[in-house]
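Quick notes on the structure that follows.
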Amino acid sequence: MNDYLDLAGQLMMVRLFGTELDAETDAFIRRHKVRGACLFRQNMQDATQLVRFTSALRDAMGPEALVALDQEGGAVVRATWVPAPPSAMALGAADDPALARAVGAAVARAVRSLGFNWNFAPVLDLNNNPHNPVIAERSFGADPQAATRIAMAWMEGSESEGVACCVKHFPGHGDTHVDSHRDLPTVDKPLAELERFEFAPFRIATQGENAAPAVMTAHIVYPALDPDNPATMSRTILTGILRERFGYGGVVITDGMDMHAIAHRYGAGQAAVNALVAGADMVMAIGSRETQLETVQAIAEAIRTNVLPLHEVHARLARLSALAQAHPAGAPRYATDGDDRALMARAWRAGLTALGRPQRPPRGSRIRLVARADVVSDGVSEAGVPAAGIAQALGRLYDVDLVTFADAETFDWSALPQDGRFTILASTSRRRYGPHARSTWLPSLHIALWNPYQALDFDAPALMTYGFAAPALDAVVDWLAGDAQAPGRCPVPGFGGAPVQDNEAM
C-alpha cells in the first residue's frame, strides 16, 4: 500500500497552516511524496518570511515542487506588498496586449522572487452576467476574441519570466449568479451557446504551441454537457471535451475541493477520486489535515483497485513533471520593484473608465464622501480599501466630510446634510446594491473601486477602476486633479448609460 500512497501523494496539492513549515507538516509532505502546495494570504507576512517558507517547502517536496498561489491582480492577490497588478477587467478596458504582456511578466517576476513557480491565473471566464458574485472584474471581458487576446498576452508575459500559468475555470464560470465557494452553480445553456461563448477562450488557450501549461476546472454543472456531475467530476467534460476534442496535453488541476459546491455534497476522498477518474491530473486538497489524509488514502485505494489504472496515473505524473521541469522553483533576487511599480501605475491609469460624463469638482472644493464602514474579505478576494483611506486620498485635493454606512439597504441618503457639498459615493465591495439604495441614492459622482457593475446601480456619472489597490486610487485622484484621463472602455455589455433596474442585486 505504501507504493500506492507514494503515487497518490504526488497527485494532490495541499493547503498549509501557519507561516512556517512545522515539523508535522514537513513529515506529512515527505511521507506521502506530496509535490504541490498552495499558499494563501494567511501564510504570508513579508518577503523574508515567505522566501524562508517556500524554500523549506521545496526542500520537503523535492526538485519537482509545484509552489502555487492566486496572484491574478486587482482584488485577488495574495502577496500584497509587491507591485499591485490591475485586475483582468482593467486590462480588458485598456485593450493593449503589449501592456498586458508587460503586466503578466511583472507579476511573474514578483512571485518568482518569493519562491513560487505556478500562478493560478489568468481567468478566462467571460463575464456577461451583471450579477455574477465571484468573477466580475476578474474577467478580461465578455467578447471571446478580445478577452482571450489580452489574457494570452498576459500569459505570454508570465511564461517569459518562468512562472507557469493556469487558465480557469474550465469550461466557464462567467455566466453564474452563484459563487461555487458557497454552493453548486448551474449553467443551463444549450451546447451551441456554450460552444460559441464559454468554450471559445479555452479552445484558443489550450491549442497550439503557445497553449496554457495548465487548466483549472469549475465546480459547476452544465446540464447540456453532463446533467449529473459538476465539471470537476465529469469525464464527459474533462476527458471528452478538453482532452479529446480540444486535444489538450497540459496539466488539469481541480479548483479547491473544500469549496461548498463540492465539500457539502461529497466526501473528500470520493470527490478526489471522482475528479481524477474524470481526467484531472492533480486534486487541490486544501481542506483540513484530516481531509488531506482521507484524500491521499482514497486515491491510493483507487490506484490499488484499478479504479485509477496505473498507466493513467503515470501519464498524469509525467504531465506534472513536465510542468515542474519547465518552470523550476526558486527565489531569484527581485531587482525591478521600482520599475514594476511604475508599470502597474501606468496600467491602472490605462484602464480607468468614465461613464456618463463625470465632472471634476475644482481643487479645494467641499465634498462629502460616502462609503461602507467595513471592507472585510469575501474569502476569495482581499479586503477592500478602508473608507478613511479613500478620504485621505481625496483629501489631497478637497475638504472631505466622510460619512460611512453599515448596511446600504437601511442607509438614509436623504438624511445627508443639504449644505452644498459635492457628494461622492465610493464603492469598496464586490456586492451589488439592493433596491432601496438604487431607488433612493443620488451621488454627484460614483467611484466604483471594485465591481464595475455597481456603476449601473445608479443613474449617476461614474468612474470605474476595476480594483481598489493604491495605484487605482492614485489614478482616480490624478483624474480628479485633471492630471490624467479616463481612456478605458468597459469590456462587458450594459454600459451604454442606462442603469440596470431589477430586483436581483447580488
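The values are calculated or read from the model by the stated rules, or taken from the named source; none is laboratory data. Just so it is clear, the structure is predicted and the values come from calculations on it, not from any experiment. FYI the Cβ positions are ideal-geometry reconstructions off the backbone, even for glycines, and counts take in every protein chain you see.
Structure summary
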{"item": "For Gly356: the one exception among (1) under 26 Å from the mean Cα position of the chain (by Cα); (2) over 25 Å from Cys165 (Cβ atoms)", "result": "(1)"}
{"item": "Residue match in the range 293-309 (condition: among the charged types (D, E, K, R), in the same structural domain as Met216 (by TED's automatic domain parsing) and closer than 24 Å to Glu195 by Cα)", "result": "no"}
{"item": "Exclusive hit being more than 25 Å from Cys165 (Cβ to Cβ) and either modelled with pLDDT of 90 or more or under 19 Å from the mean Cα position of the chain (by Cα) (or both), set Ala205, Ala224, Ala214", "result": "Ala224"}
{"item": "The range 154-169 residues that are farther than 23 Å from Thr217 by Cβ, paired with ones that are among the aromatic types (Phe, Trp, Tyr) (beta carbon under 6 Å, 6 or more apart)", "result": "none"}
{"item": "Selection within the range 392-419 - touching a Leu at 6+ places or on another chain (Cβ under 8 Å) and either basic (Lys, Arg) or assigned to a strand (DSSP E or B) (or both)", "result": "Val400, Asp401, Leu402, Val403"}
{"item": "Restricting the range 228-260 to residues that are part of a loop (DSSP other than H, G, I, E, B) and hydrophobic (A, V, I, L, M, F, W, C), the residue that is farthest from Leu293 (Cα to Cα)", "result": "Phe246"}
{"item": "Subset of the range 406-430 [crowded, with 18+ Cβ neighbours inside 10 Å and closer than 11 Å to Arg372 by Cβ]", "result": "Ala408, Phe411, Leu425, Ala426, Ser427, Thr428, Ser429"}
{"item": "Some residue of the range 45-58 being in contact (Cβ under 8 Å) with a residue 40 or more places away in the chain, farther than 24 Å from Val251 by Cα, polar (S, T, N, Q) and surrounded by 24 or more Cβ atoms within 10 Å (Cβ to Cβ)", "result": "no"}
{"item": "Test: residue in the range 340-351 that is without any contact (Cβ under 8 Å) to a residue 24 or more places away in the chain, outside the structural domain of Thr80 (by TED's automatic domain parsing), under 21 Å from Ser87 (Cβ atoms) and not basic (Lys, Arg)", "result": "yes"}
{"item": "Per-region count, the range 365-391, residues over 23 Å from the mean Cα position of the chain (by Cα), outside any strand (DSSP E or B) and among the β-branched types (Val, Ile, Thr)", "result": "1"}
{"item": "Residue check, Val376 among the β-branched types (Val, Ile, Thr), under 25 Å from Glu137 (Cβ atoms) and touching a residue at least 60 places away in the same chain (Cβ under 8 Å)", "result": "no"}
{"item": "Residue count, the range 97-151 (criterion: more than 15 Å from the chain's Cα centre (by Cα), outside any helix (DSSP H, G or I) and within 21 Å of Leu194 (Cβ to Cβ))", "result": "6"}
{"item": "Residue in the range 239-259 that is surrounded by the fewest Cβ atoms within 10 Å (Cβ to Cβ), counting only those that are touching a residue at least 60 places away in the same chain (Cβ under 8 Å) and over 20 Å from the mean Cα position of the chain (by Cα)", "result": "Gly249"}
{"item": "Restricting the range 290-335 to residues that are within 24 Å of the chain's Cα centre (by Cα) and not in a helix (DSSP H, G or I), the residue that is farthest from Ala271 (Cα to Cα)", "result": "Tyr334"}
{"item": "Conditions (1) more than 24 Å from the chain's Cα centre (by Cα); (2) within 19 Å of Asp459 (Cα to Cα): number failed by Arg396", "result": "(2)"}
{"item": "Test set (1) buried (at least 19 other Cβ atoms within 10 Å of the Cβ); (2) farther than 16 Å from Ala371 by Cβ; (3) modelled with pLDDT of 95 or more; (4) touching a Lys or Arg at 6+ places or on another chain (Cβ under 7 Å) - Leu480 fails condition number", "result": "(2)"}
{"item": "Residues located in the range 295-338, provided they are surrounded by fewer than 12 Cβ atoms within 10 Å (Cβ to Cβ), farther than 23 Å from Pro213 by Cβ, free of Cβ contacts under 8 Å to residues at least 24 places away in the same chain and not hydrophobic (A, V, I, L, M, F, W, C)", "result": "Thr305, Asn306, Gly338"}
{"item": "Qualifying residue in the range 260-283 (condition: assigned by TED's automatic domain parsing to the domain that holds His32, of a type in the set (D, E, K, R), touching a residue at least 12 places away in the same chain (Cβ under 8 Å) and touching a strand residue (DSSP E or B) at 6+ places or on another chain (Cβ under 6 Å))", "result": "yes"}
{"item": "Residues (at positive phi and surrounded by 24 or more Cβ atoms within 10 Å (Cβ to Cβ)) located in the range 76-118", "result": "Gly115"}
{"item": "Single condition Val380 does not satisfy, out of (1) hydrophobic (A, V, I, L, M, F, W, C); (2) farther than 28 Å from Val476 by Cα; (3) surrounded by fewer than 22 Cβ atoms within 10 Å (Cβ to Cβ)", "result": "(2)"}
